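Visitor: Following this message is one structure expressed as structure tokens.
The values are calculated or read from the model by the stated rules, or taken from the named source; none is laboratory data. All figures in this text were calculated on a predicted structure; none of them were measured in a lab. Neighbour counts run over all protein chains shown; Cβ positions are idealised from the backbone, glycine included. With ligands, DNA and RNA removed, areas are computed over all heavy atoms of the protein, side chains included. Shrake-Rupley method; radii C 1.70, N 1.55, O 1.52, S 1.80 Å.
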Amino acid sequence: MRLGRSKRLAAGILCMSALTLAACGQMKAEETEVVETKGEEIVEELTDKTFIPSDEYIKTLGRTAYLKDTLWMALSGSGAEFTFTGTKAVITMQADTAIMGDRDSQARVAVFVNDECVVDDMIDNMAEIYTVFESQEPKECTVRIVKLSESANSTVGIKSIGVTSLGDIKPTENKEHLIEFIGDSITCGYGVEDEVKENHFSTKTENVMKAYAYKTAEALDADYSMVSYSGHGIISGYTGTGDKVDSQLVPPYYSKLGFSYASYMGQSAFDVEWDFSKRQPDLVVINLGTNDDTYTGSDAERQEEYVEGYVSFLKEIRQVNPEATILCTLGIMGDRLYPSVEKAVADYQSETGDSNVYSMKFDVQSPSDGYAADWHPTEATHTKAAQKLTAKIQDIMGW
């Protein structure tokens, strides 16, 4: 469901009961909670509270960082999740400098209440305030905030969470497994909501939740983290001329919060080091090579350069994820470089003795499933890719 600002004011959303959504101002925080004592029984009363989105109150999704009391979301799929029991919830978002530029680059964010999408919006003001839940009676709710678009074009922050509730908001529990996906536009869900292949990139039609990686995590009931950038590769980004584009590579950004052409509160995502000790992934899935292939083509020397770059990247990933299984994939938008992926895995294993690395070829997208913007995969193709990847992960991980 896609709600514009006027539509959000009028839309009725279901969350275990009929809700009325309306934009409103920031809620006033109460420093203490009101309780009524009846003998030994303590009865909580509804109070207005405003929370800074810290680890005490929310579970972070993907790579995020705290900056001046806001939760900074850069990469696709990053966000936050929490639970509460109450009658109202208000989320205040803060934009980055992308709102001043191309409207096809502004951040797209979704909010779900009890798995029902209640907000799907482009952040086009410095501050956006969303009433995401409202009810006459207290209800138990799980709220999930997800950045649908990628980091290169724009980032966004959660400034505050206001609730009228019984007690505080609480983070949801971690799932048993965590998968990290490293990829390019395919992983980001580039153009998945625009099934006109002649159309071009826009964050308006990019939706990571409809892409194979997110679908795979959902199928396996696993937490996820996406490290993905459209047009990027291992040794070269996308090129229409055959010349190497070494300014669009994933490895230089792997140890960072992310990369964006926009700045957030004067900061660049590239300047923030990612803390790999926060939570180690059980599995790392790499899907890189589609953009490299525009440079390597069928040239044997360039393909070997790709292999060498891949091996180096595997070593970097292993250094910071010593226990993770690594699965190397390719093929959705073309599989010419897949033999080089297999060679990179074999060369890496031979050099290091590390056997906890696997490979898998995706099926190339079928014309019968259509094409999205710039010939990218449709949701139908992503669904098939997720099914194949899910089966492979179940096979090698035993989940």
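Visitor: Take the residues in segment 338-363 that are of a type in the set (A, V, I, L, M) and out of contact with any strand residue (DSSP E or B) (no Cβ under 6 Å at 6 or more places or on another chain); name whichever of them is most open to solvent (accessible area, probe 1.4 Å). Break it down into steps so the answer makes sense when it comes.
Guide: Residues of segment 338-363 of a type in the set (A, V, I, L, M): 341, 344-346, 357, 360.
This time we only want the ones that are out of contact with any strand residue (DSSP E or B) (no Cβ under 6 Å at 6 or more places or on another chain), so: 344, 346.
Details: Ala344: 0, Ala346: 50 Å².
This residue is Ala346.
Visitor: Out of the strands (runs of 3 or more DSSP E) lying entirely within segment 46-137, which hold 2 or more residues that are open to solvent by 10 Å² or more (accessible area, probe 1.4 Å) and in contact with a strand residue (DSSP E or B) (Cβ under 8 Å, 6 or more places away or on another chain)?
Guide: 47-51, 59-61, 64-67, 79-95, 116-122
Visitor: Kindly check whether there is at least one residue in segment 295-306 that is surrounded by fewer than 20 Cβ atoms within 10 Å (Cβ to Cβ), of a type in the set (A, V, I, L, M, F, W, C) and under 28 Å from Thr203 (Cα atoms).
Guide: Scanning segment 295-306, I find no residue that is surrounded by fewer than 20 Cβ atoms within 10 Å (Cβ to Cβ), of a type in the set (A, V, I, L, M, F, W, C) and under 28 Å from Thr203 (Cα atoms), so the answer is no.
Visitor: Among the candidates Lys384, Lys388, single out the residue that is among the basic types (Lys, Arg), closer than 26 Å to Lys204 by Cα and modelled with pLDDT of 95 or more. Step through it out loud before you land on a result.
Guide: Numbers: Lys388 fails: closer than 26 Å to Lys204 by Cα.
Testing whether each residue is among the basic types (Lys, Arg), closer than 26 Å to Lys204 by Cα and modelled with pLDDT of 95 or more leaves just Lys384.
Visitor: Under 9 Å between Cβ atoms, which residue pairs at least 6 apart in sequence (or on different chains) link something in segment 53-66 that is more than 20 Å from Met226 (Cβ to Cβ) and hydroxyl-bearing (Ser, Thr, Tyr) with a partner that is assigned to a loop (DSSP other than H, G, I, E, B) and open to solvent by 10 Å² or more (accessible area, probe 1.4 Å)?
Guide: Within 9 Å, the pairs are Ser54/Asp69; Tyr57/Asp168.
Visitor: Still on this structure, please answer the following. Would you be able to say whether some residue in segment 220-230 is under 21 Å from Asp121 (Cα atoms), open to solvent by 50 Å² or more (accessible area, probe 1.4 Å), touching a residue at least 40 places away in the same chain (Cβ under 8 Å) and assigned to a strand (DSSP E or B)?
Guide: no
Visitor: Can you confirm whether Asp275 is surrounded by fewer than 16 Cβ atoms within 10 Å (Cβ to Cβ), at pLDDT 95 or above and closer than 26 Å to Arg318 by Cα?
Guide: It is true that Asp275 is surrounded by fewer than 16 Cβ atoms within 10 Å (Cβ to Cβ), at pLDDT 95 or above and closer than 26 Å to Arg318 by Cα.
Visitor: Of the numbered conditions (1) over 16 Å from the mean Cα position of the chain (by Cα); (2) farther than 22 Å from Ser260 by Cβ, Phe201 satisfies every one except a single condition; which is it?
Guide: Of (1) over 16 Å from the mean Cα position of the chain (by Cα); (2) farther than 22 Å from Ser260 by Cβ, only one is false for Phe201: (2).
Visitor: Out of all the residues in segment 195-214, is one or more within 24 Å of Val284 (Cβ to Cβ), in a strand (DSSP E or B) and touching a strand residue (DSSP E or B) at 6+ places or on another chain (Cβ under 6 Å)? Give the derivation first.
Guide: In the first step, residues of segment 195-214 are kept if they are within 24 Å of Val284 (Cβ to Cβ); the result is 206-214.
Right, trim to in a strand (DSSP E or B) and you get none.
The answer is no, given that none of the residues of segment 195-214 is within 24 Å of Val284 (Cβ to Cβ), in a strand (DSSP E or B) and touching a strand residue (DSSP E or B) at 6+ places or on another chain (Cβ under 6 Å).
Visitor: Separate question: Of the residues that sit in segment 155-194 and are of a type in the set (D, E, K, R) and assigned to a strand (DSSP E or B), which one is surrounded by the most Cβ atoms within 10 Å (Cβ to Cβ)?
Guide: Glu180
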